Amino acid sequence: MFRLSEKGEKIQGMFGSIAPRYDFLNRLLSFGIDRYWRKKAVRLIKYREGSRILDVATGTGDVALEIARSTPSSVKITGADFCQEMVEFGQAKVATSPYAGRIDFKMAPCEDLPFPDNTFDSITIAFGIRNVVDRRLGLAEMWRVLRPGGRVVILEFSTPRSQFFKQIYYFYFRRLLPVIGGFFSKYNAYKYLPDSVLEFPSHEEFSHMVADAGFRNIHIHPLTFGIATIYAGEKE
C-alpha cells in the first residue's frame, strides 16, 4: 500500500475539505471555461471499440463523464483519485448520469495505480499533475499501465508567455481567486491553487519530464493565451 508523504496527506485533506463546493467553484473561478478545456483534452484521446480509459486525479468525475459522452458505449472508463470525499461526490454524480454503467472509480494516488501493466488505451489527468508530490513516479506509473500505442493527455494550468496578460493573470490568481474561493469554501485551499500553479515547471521542463518517463511524440497545446496547456504523448 502506497504511503502518502506529509505533503501528500495535507493536499489530500485540503481537497477533502473543499469537495462539497468543488464543482461550483471550478465553474465560478474559471468563468466556465474549464469545461471547454476539458473537452479539448478529451478530443485528443485514442480509443477503439471496447477500449479502457483511465482518468487519473478524477476528482468528481468531470473528465470521466466527458469521455463517456464522447466515445462509443463499449468504451469503459475508470476514474482514480486519492481523495475519498472527491470520489464519493463523483460516484453520486455518475450514478445520476446516463453513463453509470460505463464509469467506475478507484481510490488511488497517481504514484501507485492499482492496475496491471498495459491496461489502458488512453490515460487523462486534468489539473491534477501539479498536485502529485512525486511527479516522476506518477508519470512512470501512467506509462506502466498504458498500452503500447496508447496516449496520455495531461491538462494543466500554466503561466502565460505574454507579459501583459501575465500581469492580469497574476493579479487574479494571487489576489482575487483566494478571496472569492475563501468566501464560498476554504481560503487556504484557494491560496494553494495559485501557489501550486506558479511553481509548476515551464512547458519545456515539464515536456522533458514526460519524455524521461518514456513517452514519445510529445505535443504541447496552449489554451486561452497560455492559461492552461495540454501535453499529449504516446507509449511506443
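Taking first residues from the range 97-125 that are modelled with pLDDT of 95 or more and partners that are open to solvent by 20 Å² or more (accessible area, probe 1.4 Å) and among the β-branched types (Val, Ile, Thr), no Cβ contact under 7 Å between residues at least 6 apart in sequence or on separate chains turns up.
Within the range 1-21, residues that are open to solvent by 80 Å² or more (accessible area, probe 1.4 Å) sit with their Cβ atoms under 6 Å from residues that are in a loop (DSSP other than H, G, I, E, B) and at pLDDT 85 or above, at 6+ positions apart or across chains, in these pairs: LYS7/VAL133. In this entry, ILE33 passes the filter for residues that are over 23 Å from ASN118 (Cβ atoms) and touching a Ser or Thr at 6+ places or on another chain (Cβ under 7 Å). How many of the residues making up the range 155-168 are part of a helix (DSSP H, G or I) and either out of contact with any helix residue (DSSP H, G or I) (no Cβ under 8 Å at 6 or more places or on another chain) or open to solvent by 80 Å² or more (accessible area, probe 1.4 Å) (or both)? Final tally of qualifying residues: 5. Can you pull out the residues in the range 77-92 that are among the charged types (D, E, K, R) and either in contact (Cβ under 8 Å) with a residue 60 or more places away in the chain or surrounded by fewer than 17 Cβ atoms within 10 Å (Cβ to Cβ) (or both)? Passing the criteria: GLU85, GLU88.
All of (1) under 25 Å from VAL197 (Cβ atoms); (2) open to solvent by 10 Å² or more (accessible area, probe 1.4 Å); (3) in contact with a strand residue (DSSP E or B) (Cβ under 6 Å, 6 or more places away or on another chain) hold for VAL152 with one exception: (2). For the range 215-229, a residue qualifies if it is closer than 29 Å to GLN167 by Cβ and either open to solvent by 50 Å² or more (accessible area, probe 1.4 Å) or in contact with an Asp or Glu (Cβ under 8 Å, 6 or more places away or on another chain) (or both), and the qualifying residues are HIS219, ILE220, HIS221, PRO222, PHE225, ALA228, THR229. Exactly one residue out of ALA80, ALA100 is among the hydrophobic types (A, V, I, L, M, F, W, C) and assigned to a strand (DSSP E or B), and it is ALA80.
Within the range 22-40, if we keep just the residues that are open to solvent by less than 70 Å² (accessible area, probe 1.4 Å), at pLDDT 75 or above and assigned to a helix (DSSP H, G or I), the residue that is nearest to GLU66 (Cα to Cα) turns out to be ARG38.
Take the conditions (1) modelled with pLDDT under 95; (2) within 14 Å of the chain's Cα centre (by Cα); ILE18 misses just one of them, which is (2). When ILE11 is tested against (1) within 15 Å of the chain's Cα centre (by Cα); (2) at pLDDT 95 or above; (3) not in a strand (DSSP E or B), just one condition goes unmet, and that condition is (2). Sub-7 Å Cβ pairs linking a first residue in the range 212-228 that is farther than 30 Å from TYR172 by Cβ to a second residue that is part of a strand (DSSP E or B), at least 6 apart or interchain, are PHE215/VAL152; PHE215/GLY233; PHE215/GLU234; ARG216/GLY233; ARG216/GLU234; ASN217/GLY233; ASN217/GLU234, ordered by first then second residue.
Of all residues in the range 59-76, those satisfying the criterion of being assigned to a loop (DSSP other than H, G, I, E, B) and open to solvent by 10 Å² or more (accessible area, probe 1.4 Å) are THR71, PRO72, SER73, SER74.
The values are calculated or read from the model by the stated rules, or taken from the named source; none is laboratory data. Note that the structure is predicted; figures quoted are calculated from it, not measured. No Cβ is skipped: glycine too gets one built from the backbone with ideal geometry, and neighbour counts run over all protein chains shown. To get the accessible areas, we keep the full protein, side chains included, count just its heavy atoms, and leave off ligands, DNA and RNA. Shrake-Rupley method; radii C 1.70, N 1.55, O 1.52, S 1.80 Å.
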